[in-house]
1. In the set Glu150, Glu181, which member is touching a residue at least 40 places away in the same chain (Cβ under 8 Å), more than 30 Å from Leu63 (Cα to Cα), surrounded by 13 or more Cβ atoms within 10 Å (Cβ to Cβ) and acidic (Asp, Glu)?
2. Show the residue pairs meeting these rules: Cβ distance below 8 Å; 6+ apart or different chains; first residue within the range 30-58 and among the aromatic types (Phe, Trp, Tyr); second residue part of a loop (DSSP other than H, G, I, E, B) and exposed (fewer than 14 other Cβ atoms within 10 Å of the Cβ).
3. Give the range 74-105 a look and list any residue that's within 15 Å of the chain's Cα centre (by Cα) and modelled with pLDDT of 85 or more, or say none.
4. Quick one: would you say Tyr53 is aromatic (Phe, Trp, Tyr) and over 30 Å from Leu184 (Cβ atoms)?
5. Taking the criterion of being within 30 Å of Leu168 (Cβ to Cβ) and exposed (fewer than 14 other Cβ atoms within 10 Å of the Cβ), would at least one residue in the range 86-94 satisfy it?
6. When you look at Pro175, is it more than 25 Å from Gly83 (Cα to Cα) and either surrounded by fewer than 16 Cβ atoms within 10 Å (Cβ to Cβ) or in contact with a Lys or Arg (Cβ under 9 Å, 6 or more places away or on another chain) (or both), yes or no?
7. Among the candidates Leu126, Leu132, Leu112, which residue alone is under 15 Å from Arg71 (Cα atoms) and in contact (Cβ under 8 Å) with a residue 60 or more places away in the chain?
Amino acid sequence: MKDETSRPSGSGVRLTRERWIEAAMEILGLHGIDGVRVEQVAKALSVTKGSFYWHFKDRDELLEAILEHWRRKNTVDILEYVGSLESPLARLERLVRLPFHLQDTDPVGLPLRLWARHDERARKALQEVDELRLRMKAQIFIACGFAPEEARARAVLLYSYMRVAPTLVELEDMPLRDLCERLLLASAA
């Protein structure tokens with residue numbers, strides 16, 4: 001890796017390492033891990049394959065960078081999003097509503113889970129993010145007054161809801177969304 005930016009692409013725009021990672025993640029979201037090939041990412045960016053090597057030693061290094069980017073985006077960013085609120089109940093309410101406010105913000109989630117089935121690095125990244133998210137949710141439930149074992153169970157239910165609800169519940173179905181939210185927040189006040 002030489003510099004943070006590569007030579008200009010055909011459009012005169014300088015590509016950063018971050019832009020290569022973002023393009024690779026877009027391909028991962030659309031085509032799965034098998035679609036993330038140097039040639040495909042270069043094509044998506046309208047540059048030559050040689051430009052890739054300005055930032056990465058090989059595809060394996062790109063895959064590591066994808067995992068690190070995903071891990072950071074799905075831990076630090078979420079913690080900052082809910083951590084800005086003082087009240088545990090307000091943090092919990094924000095989490096419950098998050099799936100519909102940030103719909104389609106993690107198009108890589110499912111392809112990454114599929115990748116993790118046969119790749120140890122992806123599996124470890126996924127486990128780390130899942131455990132951190134569950135622990136954070138459980139801590140919020142504990143701060144709302146629940147016993148640790150119930151807080152952990154509620155964290156699992158909330159996390160499951162957050163991952164799947166946008167695919168099951170229509171965005172416009174407010175009565176169902178409101179009922180789900182009330183049930184998830186029951187006894188948290």
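The values are calculated or read from the model by the stated rules, or taken from the named source; none is laboratory data. All values reported here derive from a predicted model rather than from experimental measurement. Here Cβ is always computed from backbone atoms with ideal geometry, including for glycine, and neighbour counts include all displayed protein chains.
1. Every option except Glu181 fails the conditions.
2. Trp54/Met1; Trp54/Lys2; Trp54/Asp3; Phe56/Met1
3. Leu95
4. So Tyr53 fits the description; yes.
5. Yes, the range 86-94 contains a residue that is within 30 Å of Leu168 (Cβ to Cβ) and exposed (fewer than 14 other Cβ atoms within 10 Å of the Cβ).
6. For Pro175, the condition - more than 25 Å from Gly83 (Cα to Cα) and either surrounded by fewer than 16 Cβ atoms within 10 Å (Cβ to Cβ) or in contact with a Lys or Arg (Cβ under 9 Å, 6 or more places away or on another chain) (or both) - is met.
7. Result: Leu112 is the single residue among Leu126, Leu132, Leu112 that is under 15 Å from Arg71 (Cα atoms) and in contact (Cβ under 8 Å) with a residue 60 or more places away in the chain.
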